[in-house]
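I have placed the structure first, in the form of structure tokens, so that the comments after it can refer back to it.
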Amino acid sequence: MYIHVTGKNIEITDAIKAYVKEKVGKVVEYYDQITGIDVVLSVIKNPAATGKHIAEVSCKTNSGVIRCEESADSMYESIDLLAEKTARQVKKFKDKALGSDKASIRTPELEEAAEVDEEVLES
């Protein structure tokens, strides 16, 4: 598993790279099928724009891609928001992936009880 950090209109320092790896790297704890994470940090140079610092992440998994984007007034704030949003989406993705493999809610005991109830009603 890798974490690749790139920047647009910003120089990625070692401190920012370490912060991103610390925050976004926690996502792997929620779902072990993540094969790689690409993070793009960018700055909008338009003085009239709000939320000038944008952080984007793409988590590649064995069965798809999870993509998030957040913007804020500071780069560290946008990274924090991005980490929280990514964690929520990864948990949701994992629940959906595991949910499709679950068996029916009807267990043999419930089916037997239903048959007994039908027999009692017929008698």
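The values are calculated or read from the model by the stated rules, or taken from the named source; none is laboratory data. In this text the structure is predicted, and so the values were computed from the model without any measurement. In this analysis, Cβ positions are derived from the backbone assuming ideal geometry, glycine residues included, and neighbour counts consider all displayed protein chains.
Structural remarks
- Of the strands (runs of 3 or more DSSP E) lying entirely inside the range 1-64, none contains at least 1 residues that are over 30 Å from Leu98 (Cα atoms) and either at pLDDT below 90 or touching an Asp or Glu at 6+ places or on another chain (Cβ under 6 Å) (or both).
- Consider the range 65-84 and keep the residues that are β-branched (Val, Ile, Thr) and under 25 Å from Leu98 (Cα atoms). The one that is farthest from the chain's Cα centre (by Cα) is Val65.
- Cβ separations smaller than 7 Å between residues 6+ apart or across chains give the following pairs from the range 1-18 residues that are closer than 13 Å to Tyr76 by Cβ to residues that are in a helix (DSSP H, G or I): Ile16/Met75.
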